[in-house]
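Enquirer: My questions will all concern the structure given below.
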Amino acid sequence: REYGDFQFRFEFQLTPGANNGVGIRTPREGDAAYVGMEIQVLDDTAPVYAALQPYQYHGSVYGIIPARRGALRPVGEWNTEEIAIRGSRITVTVNGVVTVDGDLVEASKNGTIDHQPHPGLQRPTGYIGFLSHDSVVRFRNIRIKVQ
């Protein structure tokens with residue numbers, strides 16, 4: 001089913017160097033980070049990610065809005081996350097800490113922070129999915145509430 005405005009809550013457990021994501025408002029085909037939006041799920045403390053851009057940290061709206069760091073628990077522990085989107089307003093809360101609170105239109109009005117086209121920003125609805133990057137991330141207690 002496609003979703004427009006919603007709250008998406010889940011728990012996740014990272015493994016060392018894990019890289020995943022949550023695609024929101026995406027079509028079924030294409031790279032969700034661009035044809036929809038990708039919320040990063042990432043062990044951004046891993047040495048392999050030492051050169052990340054701020055818009056690539058865990059919880060960021062990839063390429064569009066960087067997340068505040070410091071809310072993740074140590075790798076191997078369970079974390080909670082909520083992605084809430086209403087219209088162009090998005091918040092990401094990790095372990096009770098708001099790491100993203102922004103407006104997608106405002107954040108991209110002069111171009112995106114990664115200087116890439118993100119046609120998915122214009123999508124009012126789409127699918128929600130997990131975006132594997134061939135590393136282990138565990139998910140549980142997944143809930144969606146339509147706004």
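Enquirer: Please work out whether the stretch 40-89 counts as rounded, prolate or oblate from its C-alpha gyration tensor, where a ≥ b ≥ c are the square roots of the eigenvalues and a/c under 1.5 means rounded, while otherwise a/b larger than b/c means prolate and anything else oblate? Could you put the intermediate results ahead of the total?
Expert: Working: a/c = 2.96, a/b = 1.31, b/c = 2.25.
It comes out oblate by the Cα gyration axes.
Enquirer: Taking H placed 1.01 Å from N in the peptide plane, check which residues at least 5 places from S135 or on another chain put their amide H under 5 Å from its amide H.
Expert: Counting only residues 5 or more places away or on other chains, the set is N19.
Enquirer: Further question: What distance in nm separates the two pseudo spin-label positions at R1 and V98, each 7 Å out from Cα along the beta-carbon direction?
Expert: 2.8 nm
Enquirer: Same structure, new question: Enumerate the calculated ³J(HN,Hα) couplings along the stretch 35-49 in order (Karplus 6.51 cos²θ - 1.76 cosθ + 1.60, θ = phi - 60°), each rounded to whole Hz, writing x wherever the residue is Gly or Pro.
Expert: For the stretch 35-49, the Karplus-derived couplings read 7, x, 9, 10, 9, 5, 10, 7, 7, 6, 8, 5, x, 4, 9 Hz, x marking Gly and Pro.
Enquirer: OK, next. Could you report the stretch 36-130's accessible area per residue, 1.4 Å probe, as an integer in Å²? Working shown, then result.
Expert: Values: 4530 Å² over 95 residues.
So the stretch 36-130 comes to 48 Å² accessible per residue, rounded to a whole number.
Enquirer: Hey, another quick one. Could you order F12, F139, F130 by accessible surface area, starting with the largest, using a probe radius of 1.4 Å?
Expert: Values: F12 0, F139 55, F130 85 Å².
Ranked list, largest accessible area first: F130, F139, F12.
Enquirer: May I pose another question? May I ask for the net charge around R1, where only other residues with Cβ less than 15 Å from the Cβ of R1 are counted and Lys, Arg are +1 while Asp, Glu are -1?
Expert: Net of charged neighbours comes to +3.
Enquirer: May I ask you to give the percent of accessible area on the chain that is carbon plus sulfur, with a probe radius of 1.4 Å?
Expert: Numbers: 3620 of 7380 Å².
Percent of accessible area from carbon and sulfur atoms in the chain: 49.
Enquirer: Can you pull the Rg over Rh of the stretch 67-147, Cα-only, Kirkwood?
Expert: Details: Rg = 14.5 Å, Rh = 14.9 Å.
Radius of gyration over Kirkwood radius for the stretch 67-147 works out to 0.97.
Enquirer: Any chance you could tell me what percent of the C-alpha pair distances in the stretch 1-40 go past 13 Å?
Expert: Numbers: 469 of 780 pairs.
Here the tail beyond 13 Å accounts for 60 percent of pairs.
Enquirer: Would you tally the net charge around F12, using a Cβ to Cβ cut-off of less than 15 Å, leaving F12 out, and scoring K and R as +1, D and E as -1?
Expert: Numbers: positive: R9, R73, R138, R140, R143; negative: E11, E38, D43, D44, E77, E81, E82.
Computed value for this residue: -2.
Enquirer: Could you run the Karplus curve 6.51 cos²θ - 1.76 cosθ + 1.60 with θ = phi - 60° over the stretch 27-32 and give me ³J(HN,Hα) per residue in whole Hz, x for Gly and Pro?
Expert: x, 6, 10, x, 7, 4
Enquirer: What is the distance, in nm, between label points placed 7 Å from the Cα along the Cα-to-Cβ direction at S132 and at H115?
Expert: Distance between label points: 3.4 nm.
Enquirer: Expressed as a fraction of 2.2 N^0.38 Å, the rule-of-thumb size for a compact globular protein of N residues, what is the C-alpha radius of gyration of the chain?
Expert: Working: Rg = 14.0 Å, N = 147, 2.2 N^0.38 = 14.7 Å.
Ratio of Cα Rg to 2.2 N^0.38 Å: 0.95.
Enquirer: Only helical DSSP H runs with n ≥ 4 go in: add -39500 (n - 2.57) per run for the chain, normalise by residue count and round the 222 nm mean residue ellipticity to 500 deg cm²/dmol.
Expert: On the way: 2 runs with 9 residues, N = 147.
Per the formula, -1000 deg cm²/dmol.
Enquirer: Suppose a student asked you for the relative contact order of the chain, using Cα pairs under 8 Å spaced at least 6 residues apart; what percent would you report?
Expert: Relative contact order comes out at 40 percent.
Enquirer: Expected output is a single nm value to one decimal: the length gained when fully extending between T45 and E77, i.e. 0.36 nm times separation in residues minus the C-alpha distance. What is it?
Expert: On the way: separation 32, 0.36 × 32 = 11.52 nm, distance 1.39 nm.
Stretched fully, the T45-E77 segment lengthens by 10.1 nm.
The values are calculated or read from the model by the stated rules, or taken from the named source; none is laboratory data. All values reported here derive from a predicted model rather than from experimental measurement. All Cβ positions, glycine included, derive from the backbone under ideal geometry; neighbour counts span all protein chains shown. Just so you know, the surface numbers come from the protein's heavy atoms only, side chains and all, with ligands and any DNA or RNA stripped out. Shrake-Rupley method; radii C 1.70, N 1.55, O 1.52, S 1.80 Å.
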